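Asker: Attaching a single structure in structure tokens format; questions to follow.
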């Protein structure tokens, strides 16, 4: 549908009742297999040790910072983000072990326009390609759309980071385009790929994610019966 102003010029969809949305808070978000806790220094040592399970530093390649070579360096980074309003970092806790297995953040928060981004996703081998990896993402999406009422939820990544691009599409984000020469990072050019989910798309994205995450979708060995792509169809 097209909309026009009093001068017969095309304009966007009217939002007569729009109000700025609440800023996300450092709260705990509970899921079936994991929970997200506000990141603190108490998570530092276990997180650092989890990242040491990688065979090399390849997991740092597309991060904007790092690698952290010692637990003290990891603590210094956590200390630097403990009280800032943006980004808000969370530790991903495996409820079976009660240990942190990765971290994730809400960032580039624009409460006036109801827009924010999920970023700083840093999963250890204990988390990568697990059910929890998807549930952690869903917990933040659900918080953004259902609890806070945001209109747009973004995912951005280095255009060279093919695993991140695949993850975004798998989760239901729509590819929007490439910002060429967006930043310089670690002495290299970075083109940035943009993805998003908007509020009109969220109900279908949410339905598919909840269907996939349901305990009924996994056998006793934890193997999925339906892929997320199949659940979306």
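Asker: Does residue 45 satisfy the criteria of being loosely packed, with under 15 Cβ neighbours inside 10 Å, touching a residue at least 24 places away in the same chain (Cβ under 8 Å), in a helix (DSSP H, G or I) and out of contact with any strand residue (DSSP E or B) (no Cβ under 7 Å at 6 or more places or on another chain)?
Answerer: yes
Asker: Please determine, by comparing only the residues of the stretch 48-67 that are in contact (Cβ under 8 Å) with a residue 60 or more places away in the chain and not in a loop (DSSP other than H, G, I, E, B), which one is nearest to residue 98 (Cα to Cα).
Answerer: 50
Asker: Sticking with this structure for a sec: Given (1) under 11 Å from the mean Cα position of the chain (by Cα); (2) more than 12 Å from residue 47 (Cα to Cα), identify the lone condition not met by residue 114.
Answerer: For residue 114, the failing item is (1).
Asker: If you scan the stretch 165-193, which residues turn out to be touching a strand residue (DSSP E or B) at 6+ places or on another chain (Cβ under 7 Å) and surrounded by 19 or more Cβ atoms within 10 Å (Cβ to Cβ)?
Answerer: Once the filter is applied, which keeps residues that are touching a strand residue (DSSP E or B) at 6+ places or on another chain (Cβ under 7 Å) and surrounded by 19 or more Cβ atoms within 10 Å (Cβ to Cβ), the stretch 165-193 yields 168, 172, 173, 190, 193.
Asker: Okay, moving on. Select from the stretch 68-100 the residues that are part of a loop (DSSP other than H, G, I, E, B), under 20 Å from the mean Cα position of the chain (by Cα), without any contact (Cβ under 8 Å) to a residue 24 or more places away in the chain and surrounded by 14 or more Cβ atoms within 10 Å (Cβ to Cβ) and list them in ascending order. Spell out how you get there, then give the answer.
Answerer: Of the residues in the stretch 68-100, the ones part of a loop (DSSP other than H, G, I, E, B) are 68-70, 82-87, 95-98.
Subset that is under 20 Å from the mean Cα position of the chain (by Cα): 82-87, 95.
Subset that is without any contact (Cβ under 8 Å) to a residue 24 or more places away in the chain: 83-84, 86.
Listed by number, the list holds a single entry, 86.
Asker: A follow-up question, please. If you scan the stretch 28-50, which residues turn out to be within 13 Å of residue 70 (Cα to Cα) and under 18 Å from the mean Cα position of the chain (by Cα)? Reasoning before the result, please.
Answerer: Within the stretch 28-50, the first condition is being within 13 Å of residue 70 (Cα to Cα), and the residues that meet it are 44-50.
Within the stretch 28-50, 47 is the sole residue that qualifies.
Asker: Let me ask something additional. Given the residues 155, 212, which is the only one that is under 30 Å from residue 19 (Cα atoms) and in contact (Cβ under 8 Å) with a residue 40 or more places away in the chain?
Answerer: 155
Asker: Could you please find all residues in the stretch 1-26 being under 23 Å from residue 103 (Cα atoms) and out of contact with any strand residue (DSSP E or B) (no Cβ under 7 Å at 6 or more places or on another chain)?
Answerer: Once the filter is applied, which keeps residues that are under 23 Å from residue 103 (Cα atoms) and out of contact with any strand residue (DSSP E or B) (no Cβ under 7 Å at 6 or more places or on another chain), the stretch 1-26 yields 22, 25.
Asker: Let me ask something additional. Give, as residue ranges, the strands (runs of 3 or more DSSP E) completely inside the stretch 121-233 that count at least 2 residues that are at pLDDT 95 or above and more than 18 Å from residue 107 (Cβ to Cβ).
Answerer: Because the criterion is at least 2 residues that are at pLDDT 95 or above and more than 18 Å from residue 107 (Cβ to Cβ), the strands (runs of 3 or more DSSP E) in the stretch 121-233 that meet it are 174-185, 188-198.
The values are calculated or read from the model by the stated rules, or taken from the named source; none is laboratory data. Remember, it's a predicted structure, so these values are computed and weren't measured experimentally. Every residue, glycine among them, receives a Cβ derived from its backbone with ideal geometry; neighbour counts consider all protein chains shown.
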